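The values are calculated or read from the model by the stated rules, or taken from the named source; none is laboratory data. The model shown is predicted, which means the values in this text are computed figures rather than measured ones. Note: ideal-geometry Cβ built from the backbone for every residue, glycine included; neighbour counts use all protein chains shown. With ligands, DNA and RNA removed, areas are computed over all heavy atoms of the protein, side chains included. Shrake-Rupley method; radii C 1.70, N 1.55, O 1.52, S 1.80 Å.
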Amino acid sequence: MESNNSRFLGEYSWDTVCLKEISLKIGSGSTPRGGESAYIPERKKFAFIRSQNVYDFKFDVSGLRFISDEDANKLKGVHLQKDDVLINITGDGVTFSRCCLVPEEILPAAVNQHVAIIRLDKSKCLPGYLMAYLCLPETKAYIESFNAGGSRRAITKGHIESFEISLPPMLIQEHISRVTLGLLAKQSINTQINQTLEQMAQALFKSWFVDFDPVVDNALDAGFFEQDLEFSDELLRRAEARKAARENADFKPLSEDIRQLFPAAFEEGVEPSVGINGWIPKGWFIAPLDNIANFQNGLALQKFRPDSDEDEYLPVLKIAQLRQGYCDNNERARIDLKESCRVYNGDMIFSWSGTLMTDIWTGGNAALNQHLYKVTSSKYPLSFYFHWTNHHLVRFQHIAAAKAVTMGHIKKGDLSDSFCVVPKNQTLAYFDSIAGAYLEQAKNVRLQCNTLVKLRDCLLPKLISGELCLEELEAKLTSESVV
């Protein structure tokens, strides 16, 4: 058919088809009666997918919901199958038209009314190819043209069925799909590596500075708990639990040189809610969170726009960009911002409003918008104040959720009311030599993922248009160590 969507007519003029012609099913989901009240706290069988789970090229399990078998059976028409393509059919300029494949490990699952299912006839079109095609910026602009207007975008089943798709021969589709899914697999492996690194760092932090395991070990060996002191019941329970753990056959004690970094006694601190019922390692001290780090709020960057489109600029980092891990250049700020509100790779960012979260930023140079803190310290290492902030994050989220406003938030005073136990410098330095190395490695892995994304975004338009032939593709992938 002759196409009105001629964005990809390059060296080769592929056939153009309507999406309906190559699909077995196109349709949006539905929500169980009762809405959010129908969600169940733990998964029994069915997951329930919403638009916030669907990102371009990837599925995000954060916020994944679960529904009962009874409710799922009422939604049989929107149950997902392996290789289904998901696309957001409503949303703002960030979430609208995002597209990915459903991960097989998520199944069985259903989708809500803001997400459409595209089930392809795989003898005509491969899911990996269609996902790549729908995620291209040119296709995004094409999909946007179906929107009736307004800040809240929306498209219908009829719109999706009429989408014109450039359809190369199956051999070309297979190569494009292989490249796309291969890059995604490498990103997935990197993500798993980072999750492992984060879990190791968190476990070490909790053991040393929350549970005080090495201090309890030293105190047990020194006979500290046999003294006639008014220990708290919780401290005595912790000592007994640690004693039992040390008697297990698989217990691995710390080496003597590491144990020497920790005291062999506890003392009562000034804050009963800190430590183990107010008891902290002897010689350590308690400090508010905003005393161990500086929390610099961002700017109302609408007041700092460049004078013209030709001026140099910094992309604006807001909560949405923090969640997705990169800035999309939709909003710009002048470059003459104060240094404390400029963001670089490796900076810690803390969203204190809306979606409360922390992140080690790897999305490139940016301008810090209001509702975000850039967290720094001239005295303590990143690994220390990053993990203490995360330790208090659940409490912060509860404070924000209790706010009777549209966007929950915390105040600076909440930082002052959040206490940290601070060890001796030598202990802290050794912790940072381990946990800091984990954070640095995790940052570098994420930067590698950014390189893969850039490679993907460079290759796919050229492959789909026919501008890049298969022989050139193999050479490019080999040079980038992807194959």
- Do the sum for the chain: with -39,500 (n - 2.57) for every DSSP H run of n ≥ 4, divided by all residues, what is the mean residue ellipticity at 222 nm, to the nearest 500 deg cm²/dmol? -11000 deg cm²/dmol
- How many nm separate the modelled label positions at Asn330 and Asp233, each set 7 Å beyond the Cα in the direction of the Cβ? 5.4
- Query: Are there trypsin sites (Lys or Arg not before Pro) in the stretch 385-457 that DSSP puts in a loop and that have at most 13 other Cβ atoms within 10 Å, and which ones?
  - Reply: Lys403, Lys411
- Task: Could you tell me what percent of the accessible area of the chain is made up of carbon and sulfur, with a 1.4 Å probe and every protein chain present?
- Result: 48
- Directionally averaged projected area (convex hull, Cα atoms, the stretch 346-441), nm²: 7.0
- Item | Integer Hz, Karplus 6.51/-1.76/1.60 couplings in order for the stretch 61-77, x for Gly and Pro | 7, 4, x, 4, 10, 10, 10, 6, 4, 4, 5, 5, 5, 7, 10, 4, x
- Fraction of antiparallel bridges per DSSP, the chain only, in percent to nearest 5: 90
- Item | the stretch 422-438 - phi-based ³J(HN,Hα) in whole Hz, Karplus 6.51/-1.76/1.60, Gly and Pro as x | 10, x, 5, 4, 5, 5, 5, 5, 5, 4, 5, 5, 9, 5, x, 5, 4
- Query: Quick one: putting +1 on the C-beta of Lys and Arg, -1 on the C-beta of Asp and Glu, what dipole do you get for the chain around its Cα centre, in Debye to the nearest 20?
  - Reply: 1100
- Task: At 1.4 Å probe size, with every protein chain present, just tell me what the per residue accessible area of the chain comes to in Å².
- Result: 49
- Extended-chain gain in nm, criterion 0.36 nm per residue less alpha-carbon gap, Arg178 and Thr156: 4.9 nm
- Which far-off residues, 5 or more places away or on another chain, put their amide H under 5 Å from the one on Cys420, with H placed in the peptide plane? Ala287, Leu289
- So which trypsin sites (Lys or Arg not before Pro) in the stretch 11-69 pass both tests, a DSSP loop state and at most 15 other Cβ atoms within 10 Å of the Cβ? Arg33, Arg43, Lys44, Lys45
- Note on the structure: Long-range amide H partners of Glu267, meaning residues 5 or more apart or on another chain whose placed amide H is closer than 5 Å, are Ile280, Lys282
- Message: Take Val210 and Glu267, extend 7 Å from each Cα along the Cα→Cβ direction, and tell me the distance between the two endpoints in nm.
- Response: 2.6
- Item | Listed residues Phe431, Tyr142, Gly223: farthest to the positive end of the dipole of the chain (Cβ charges) | Tyr142
- Query: Tell me, what HN-Hα J-couplings in whole Hz come from the Karplus equation 6.51 cos²θ - 1.76 cosθ + 1.60 at θ = phi - 60° for each residue of the stretch 253-266, using x for Gly and Pro?
  - Reply: x, 5, 5, 4, 5, 6, 4, 5, 7, 10, x, 10, 7, 10
- Residues with amide H under 5 Å from that of Ser28, placed H, sequence gap 5 or more: Ile117
